[in-house]
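**Student:** Sharing a structure below in structure tokens format, with a few things to ask.
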Amino acid sequence: MSEFWIEKACGESIDNALIAHAYAAIDQIKDINSLHGTFWIGHVEEDYVLVIHRSMRLFFIYGENRDKQLMMYVKDWAAVKLLIKNYFAKDFSILKKEFDLYKAD
């Protein structure tokens, strides 16, 4: 069983999500020309959520009540996949640092 879930703006959700599901979600939103080009990746026990928009605008939501949020834009889908890889590796502190670095620029 996976510790991750994915929720898509179109209403589809995936429990026990794998990194392959996240990469497939990228392929789906790249082909969507609507507001449904967004998906969320979450961890069942941790308070970290990664939000990915078709525009390559990403949000990292965290905090005890998921009440804190960082935002960044990336230039290509390879960068998005790297962030997803870190998320699925549970490198949440690395993700937060990446978003913090972007914020500092």
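**Student:** Among the lysines, select those whose C-alpha is under 19 Å from the C-alpha of Lys75, and discard any that sit fewer than 8 residues away in the same chain.
**Tutor:** Answer for Lys75, where 19 Å is the Cα cut-off: Lys30, Lys85, Lys96, Lys97, Lys103, listed by chain and number.
**Student:** Relative to 2.2 N^0.38 Å, what does the C-alpha radius of gyration of segment 49-94 come to as a ratio? Two decimals please.
**Tutor:** 1.12
**Student:** Related question: Under a straight-distance cross-link criterion of Cα-Cα below 15 Å, which aspartates and glutamates are reachable from Lys81, leaving out those fewer than 8 residues away in the same chain?
**Tutor:** Reachable aspartates and glutamates: Asp27, Asp91, Glu98.
**Student:** What are the semi-axes of the equivalent ellipsoid for the chain, taken as the square roots of 5 times the Cα gyration tensor eigenvalues, largest first, in whole Å?
**Tutor:** 19, 17, 12
**Student:** Rounded to the nearest percent, how much of the accessible area of the chain (1.4 Å probe, protein heavy atoms only) is carbon and sulfur?
**Tutor:** 51
**Student:** Please compute the length gained on full extension between Asp47 and Met71, using 0.36 nm multiplied by the number of residues separating them and subtracting their Cα-Cα distance.
**Tutor:** 7.0 nm
**Student:** Another question, if that's okay. Modelling each spin label as a point 7 Å along the Cα-to-Cβ direction, I'd like the Lys96/Arg57 distance in nm, to one decimal.
**Tutor:** Modelled inter-label distance: 2.4 nm.
**Student:** Taking the solvent-accessible surface of protein heavy atoms with a 1.4 Å probe, what is the per residue accessible area of segment 25-74 in Å²?
**Tutor:** Result: 56 Å² of accessible area for each residue.
The values are calculated or read from the model by the stated rules, or taken from the named source; none is laboratory data. Predicted, not measured: the structure shown is a model, and the values here were computed from it. Cβ: placed from backbone, ideal geometry, glycine included. Neighbour counts: every protein chain shown. Calculation scope for accessible area: heavy atoms of the full protein, side chains included, ligands and nucleic acids excluded. Shrake-Rupley method; radii C 1.70, N 1.55, O 1.52, S 1.80 Å.
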